[in-house]
Every structure is written in structure tokens, then in C-alpha cells.
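The values are calculated or read from the model by the stated rules, or taken from the named source; none is laboratory data. Every value quoted in this text rests on a predicted model; they were computed, and no experiment measured them. We place every Cβ from the backbone using ideal geometry, glycine too, and count neighbours over all the protein chains shown. Each accessible area value is taken on the protein alone, full model and side chains, heavy atoms only, with ligands, DNA and RNA left out. Shrake-Rupley method; radii C 1.70, N 1.55, O 1.52, S 1.80 Å.
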Amino acid sequence: VLPSTVFARIGVGIGTGELRVDKNLKPGGIYELPSLQVRNTGDEPSFYGLGTGYHVERTELRILKEWLTFSPDKFYLEPNQSQQVAIKLTLPVKAQPGDYFAYVQAFLVAETAESGGATMGIAVGAKLFFTVVPANFWQAITFRVSSFWKTYSPWTWVVFGMVLTAILIVIFKKNFAFQL
């Protein structure tokens, strides 16, 4: 009985090294960032996910992981297959003004092994930079509402129309009576 050796390569790649938002962002805003292409560079099919990472020596403010939403956030790729991932940034109303930085990381999602096997973590990251400008609390609230309205349009208009129709029906019933 001779031992057999199996070699498998696992890998992950992304389509860009840097995501830089050139316009100044406002607290409370909801922003669609450029999408990120994630590729399985290995020869084994795997599950992948996205997250954030930091570098201790960076002087910029940290982008909190709760601020970023990835769609999809977990996905399966065959070898040499790629997936476009949409990135949405939701700044809190009380976001501190200044320059921000984080790594947007694509990584292999470890599957739980029933046999107690070993897992190895690999990741690759793109640098994400943006600047938040100062705004008072009411400006931030106003910007959150307008960002929400634009981001989820046309559904915001549909809900607004339904609420307005319901209010008009209540007012009409209260002021007019019909008998057949």
C-alpha cells in the first residue's frame, strides 16, 4: 500500500486593487460603490465571502464593517469562474468627518469538516478610500431620507402613493356621506 499524494490549489482573486470614491460623502448617506469582481483562481470549487480588514499603521479613520453591504455576501464558484459583487455603503448619521480607509476582502469561506480536517484561510483585498465632510445632525437626517428615497425608488413612490390614497379616502369618508 503506497500513499497517494493529491495536490489541489485553492485561490481567490479580485478585479481591482483600489476603490477610491472621488466625491465627498455626507453623514447619513447611502451610496452605491463600484462593484468588485471576485474570481476563483484555484482548481477546486469553493464558497467565497466578503468582509473588511484594517492595517494597524494607517492614519485614516476605520470603515466599520456594519457600514458595508455586499450583494451577494456569500457565493459558490467553480474554478476560473467569477462573480460580480455589488457594494453599498450606508454612513451613519453621526459619522465623524475625515478620511476613511479599509480593505474590502474576498476570502474563502471554510466549510465545516465532519472528519476534523484542517482548513486554511486565504484572502485578497482591495483598498477602499473615501472622505466624509462635516454636517450637522439635521443635514445628516435630511440626507439620509433623500438617499433612502433615491436608493429604493420607485418603491418609495408606490408606498407614498398608497399612503396618500388612504389619507384621501379617510378624509373623503369623513366629510361626505352617500346613500344609495
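The residues of the stretch 121-180 that are of a type in the set (Val, Ile, Thr) and open to solvent by 70 Å² or more (accessible area, probe 1.4 Å), listed by number, are 142, 145, 159, 163, 165, 167, 169, 170, 171.
In the stretch 55-65, of all residues being at pLDDT 85 or above and in a loop (DSSP other than H, G, I, E, B), the one that is least open to solvent (accessible area, probe 1.4 Å) corresponds to 63.
The condition (being loosely packed, with under 15 Cβ neighbours inside 10 Å and within 29 Å of residue 133 (Cβ to Cβ)) is satisfied by just one residue among 32, 44: 32. Look at (1) out of contact with any helix residue (DSSP H, G or I) (no Cβ under 8 Å at 6 or more places or on another chain); (2) acidic (Asp, Glu); (3) at pLDDT 90 or above and you find that residue 32 fails only one, number (1).
Inside the stretch 23-42, residues that are assigned to a loop (DSSP other than H, G, I, E, B) and touching a Phe, Trp or Tyr at 6+ places or on another chain (Cβ under 9 Å) make up a count of 7. Restricting attention to the stretch 66-79, the residues that are outside any loop (DSSP other than H, G, I, E, B) and open to solvent by 80 Å² or more (accessible area, probe 1.4 Å) total 3.
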